[in-house]
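S.K.: The structure is given below, and queries will be raised subsequently.
The values are calculated or read from the model by the stated rules, or taken from the named source; none is laboratory data. On a predicted model such as this, the values are computed, not experimentally measured, just so you know. Cβ placement follows ideal geometry from the backbone for every residue including glycine, while neighbour counts extend to all protein chains displayed.
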Amino acid sequence: MWFLAHSPHPAKMKKRHLLSLIGTALLILIFWANTLACSMYKVTLGRQTMVGCNEDAWRTTPHIWFETAKTPQTYGAAFTGSRYDGHNGYAPQSGMNEKGLVFSRLASYTPPEARVSFRDKKPINNPTQYLKDILHHCQTVEEAKAYISQYDYSFFLDDVFIYVDTSGKYLLVESFALTIGHDSKYVLANFCPSITPDDRKKEFKRYANGASFLANKIDTTLAFCRAVSDTMHVCRPKIGDGTLLTSIWNTKAKTVNLYFYHQYNQTAAFDLKQELAKGNHIIAVAPLFAPNPEFEKLATYKTPKNNLSLMLFLIACGGLFLFTAFFFGLHYAKYRGLKLQLLLVPLGLILFGYMVVLCTNPNLFYFKAPYKDFYNQWVTASSYIPFALLGLLIPLSLASVRTWKNNEWGIFARMLLTTNVIIYCVLVVLFGYWELYSFWS
């Protein structure tokens with residue numbers, strides 16, 4: 001038979017299963033941490049202020065671009081970034097205008113108890129343009145604070161920003177507060193500085209390295225700042241990924257030095273005044289530097305985030321697993337022999353959830369397995385699913401062969417089980433490629 005008889009109350013069972021699945025999916029998505037690690041520092045000595053920014057990302061498209069002033073009342077600016085934002089161009093990660101106002105953007109988690117809303121202020125409808133407009137309209141941190149205060153900056157729940165002007169003063173922009181500081185040296189990583197205890201900050205290695213380096217010394221030479229940036233850079237052991245782009249901004253000379261993919265023996269320097277004189281233009285960073293084997297490995301490393309085919313495959317797998325769980329859950333009573341279908345129901349739900357994790361959490365492709373998520377114990381627990389699937393692969397394959405040999409189930413049920421087993425084999429190969437089995441790393 002193609003299908004098996006329905007259970008006594010299929011509508012109620014479907015509804016109950018659907019609610020359970022939705023709840024599972026929501027739990028995974030709610031706690032999903034999809035942040036990238038970045039860091040920055042500023043040092044001021046006398047009338048000289050330098051700002052260093054490390055963008056730690058898995059993207060392969062870092063750019064620097066220059067935008068001229070549109071009116072006499074605005075300012076030209078340079079920006080760096082690697083995330084393409086459609087018609088807006090690339091989203092800025094750091095930048096400096098011709099008045100020496102520098103900014104840096106860092107991913108940061110805002111806990112629920114610290115979240116506020118400024119609904120009475122202007123909405124931020126285009127975050128990329130909004131961030132660029134701040135540099136186009138402000139020359140000091142006081143002006144930046146006044147400009148930002150007009151908007152509902154609580155929009156950026158997952159970011160913290162810092163603005164530094166030529167005086168050495170800095171403005172911290174958290175989603176719930178604007179704070180101006182005057183320290184001669186300051187280090188920031190992926191946390192909200194006003195609510196993060198010092199001992200917790202030191203758990204961020206990039207921050208701890210930078211703070212330790214600057215603890216008893218300060219200088220504003222390019223060599224010194226390069227050393228600070230080098231100290232704070234990231235290079236993960238799995239595929240050599242980490243700091244994509246380092247930018248060191250000289251607020252007095254209005255220049256920027258770029259260092260590509262955590263290599264500090266070569267730099268590309270730009271003079272803001274000279275570049276703005278050329279008009280609006282954008283430059284890809286990678287071709288400015290010698291070939292980098294680690295970057296080439298990153299560029300050819302395929303994940304669902306950079307390969308649409310893989311993303312669609314995992315989504316299709318999730319749909320298959322969800323359907324499989326429903327099908328065998330609704331019809332298991334009609335199967336003979338071992339109640340294999342009882343295993344396929346939770347297995348289908350678990351694998352559906354894991355497909356959601358793989359599609360929404362890029363971190364686990366770059367960190368050593370088993371991956372540990374700082375915010376989400378469920379994502380951490382899911383890192384052991386590849387091991388479970390590997391252990392079940394042979395028993396499930398043999399069971400599939402047996403159902404065909406003994407003609408135990410209906411044709412559709414046998415085809416569904418066999419299709420699942422084939423997909424399991426493909427996934428095991430992909431898990432091996434992504435080094436999700438720690439013993440293979």
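S.K.: Being buried (at least 17 other Cβ atoms within 10 Å of the Cβ) and hydrophobic (A, V, I, L, M, F, W, C) is the filter here; which residues of the range 57-78 pass it?
M.R.: The answer is A57, W58, I64, W65, F66, A77, A78.
S.K.: Examine the range 190-206 for a residue that is over 30 Å from P123 (Cα atoms) and small (G, A, S), and state whether such a residue exists.
M.R.: No - not one qualifying residue is present in the range 190-206.
S.K.: Name the one entry in K169, K185 that is under 21 Å from V102 (Cβ atoms), in contact (Cβ under 8 Å) with a residue 40 or more places away in the chain and of a type in the set (K, R).
M.R.: None of the others qualify; the one that does is K185.
S.K.: Out of K217, K254, K273, K201, which single residue is under 26 Å from T61 (Cβ atoms) and not assigned by TED's automatic domain parsing to the domain that holds F365?
M.R.: After ruling out the rest, the residue left standing is K254.
S.K.: Let me confirm something: among W409, W404, which residue is modelled with pLDDT under 95 and outside any helix (DSSP H, G or I)?
M.R.: Only one candidate passes the filter, namely W409.
S.K.: Ok, one more. Mind checking which residues of the range 63-106 are in contact with a strand residue (DSSP E or B) (Cβ under 8 Å, 6 or more places away or on another chain) and β-branched (V, I, T)?
M.R.: The answer is I64, T80, V102.
S.K.: Within the bounds of the range 154-162, is there any residue that is in contact (Cβ under 8 Å) with a residue 60 or more places away in the chain and either surrounded by 20 or more Cβ atoms within 10 Å (Cβ to Cβ) or among the basic types (K, R) (or both)?
M.R.: The answer is yes, given that some residue of the range 154-162 is in contact (Cβ under 8 Å) with a residue 60 or more places away in the chain and either surrounded by 20 or more Cβ atoms within 10 Å (Cβ to Cβ) or among the basic types (K, R) (or both).
S.K.: Among the listed residues D85, D120, D133, which satisfies the condition of being surrounded by fewer than 17 Cβ atoms within 10 Å (Cβ to Cβ) and under 19 Å from the mean Cα position of the chain (by Cα)?
M.R.: Exactly one residue qualifies, and that residue is D85.
S.K.: Right, next: Considering only the range 1-112, give the strands (runs of 3 or more DSSP E) lying wholly within it that have at least 3 residues that are assigned by TED's automatic domain parsing to the domain that holds A286, modelled with pLDDT of 95 or more and under 21 Å from Y147 (Cβ atoms).
M.R.: Result: 48-56, 77-81, 94-97, 102-107.
Rundown of residues vs (1) under 24 Å from G353 (Cβ atoms); (2) assigned by TED's automatic domain parsing to the domain that holds I315; (3) among the hydroxyl-bearing types (S, T, Y), yes/no style:
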position: L389; (1), (2), (3): yes, yes, no
position: T403; (1), (2), (3): no, yes, yes
position: T418; (1), (2), (3): yes, yes, yes
position: V426; (1), (2), (3): yes, yes, no
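S.K.: Restricting the range 404-427 to residues that are of a type in the set (S, T, N, Q) and in contact (Cβ under 8 Å) with a residue 60 or more places away in the chain, which is nearest to N361 (Cα to Cα)?
M.R.: It comes out as N420.
S.K.: Please find, among T231, T220, the residue that is without any contact (Cβ under 8 Å) to a residue 40 or more places away in the chain and surrounded by 14 or more Cβ atoms within 10 Å (Cβ to Cβ).
M.R.: T231
S.K.: Right, here's the next one. Can you give me the number of residues within the range 69-120 that are in contact with a helix residue (DSSP H, G or I) (Cβ under 6 Å, 6 or more places away or on another chain) and among the polar types (S, T, N, Q)?
M.R.: So the answer is 4.
S.K.: Is it the case that the range 335-346 has a residue that's modelled with pLDDT of 90 or more and under 26 Å from Y433 (Cβ atoms)?
M.R.: Among the residues of the range 335-346, at least one is modelled with pLDDT of 90 or more and under 26 Å from Y433 (Cβ atoms), which makes the answer yes.
S.K.: Testing L351 on (1) over 30 Å from G240 (Cα atoms); (2) crowded, with 20+ Cβ neighbours inside 10 Å, one condition comes back false. Which one is that?
M.R.: Evaluating L351 over (1) over 30 Å from G240 (Cα atoms); (2) crowded, with 20+ Cβ neighbours inside 10 Å leaves (1) as the failure.
S.K.: For the range 161-175, indicate whether the set of residues that are assigned to a helix (DSSP H, G or I), touching a strand residue (DSSP E or B) at 6+ places or on another chain (Cβ under 9 Å), in the same structural domain as A253 (by TED's automatic domain parsing) and modelled with pLDDT of 95 or more is non-empty.
M.R.: No: the range 161-175 contains no residue that is assigned to a helix (DSSP H, G or I), touching a strand residue (DSSP E or B) at 6+ places or on another chain (Cβ under 9 Å), in the same structural domain as A253 (by TED's automatic domain parsing) and modelled with pLDDT of 95 or more.
S.K.: Which number in (1) surrounded by 17 or more Cβ atoms within 10 Å (Cβ to Cβ); (2) within 20 Å of G100 (Cα to Cα); (3) in contact (Cβ under 8 Å) with a residue 40 or more places away in the chain marks the one condition that N190 misses?
M.R.: The number of the failed condition is (2).
S.K.: Could you check P291 against (1) part of a loop (DSSP other than H, G, I, E, B); (2) in contact (Cβ under 8 Å) with a residue 60 or more places away in the chain and say which number it fails?
M.R.: (2)
S.K.: Run K305 past the list (1) under 30 Å from T267 (Cα atoms); (2) free of Cβ contacts under 8 Å to residues at least 40 places away in the same chain; (3) not hydroxyl-bearing (S, T, Y) and report the number of the one that doesn't hold.
M.R.: (2)
S.K.: Turning to a different aspect of this structure: Go through (1) surrounded by fewer than 21 Cβ atoms within 10 Å (Cβ to Cβ); (2) over 17 Å from V426 (Cβ atoms); (3) more than 20 Å from the chain's Cα centre (by Cα) one by one and return the number of the condition D373 breaks.
M.R.: Failing condition for D373: (3).
For every residue, the table says whether it meets (1) among the small types (G, A, S); (2) touching a Phe, Trp or Tyr at 6+ places or on another chain (Cβ under 7 Å); (3) within 19 Å of Y41 (Cα to Cα).
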{"residue": "R226", "(1), (2), (3)": "no, yes, yes"}
{"residue": "L258", "(1), (2), (3)": "no, no, yes"}
{"residue": "A290", "(1), (2), (3)": "yes, no, no"}
{"residue": "N306", "(1), (2), (3)": "no, no, no"}
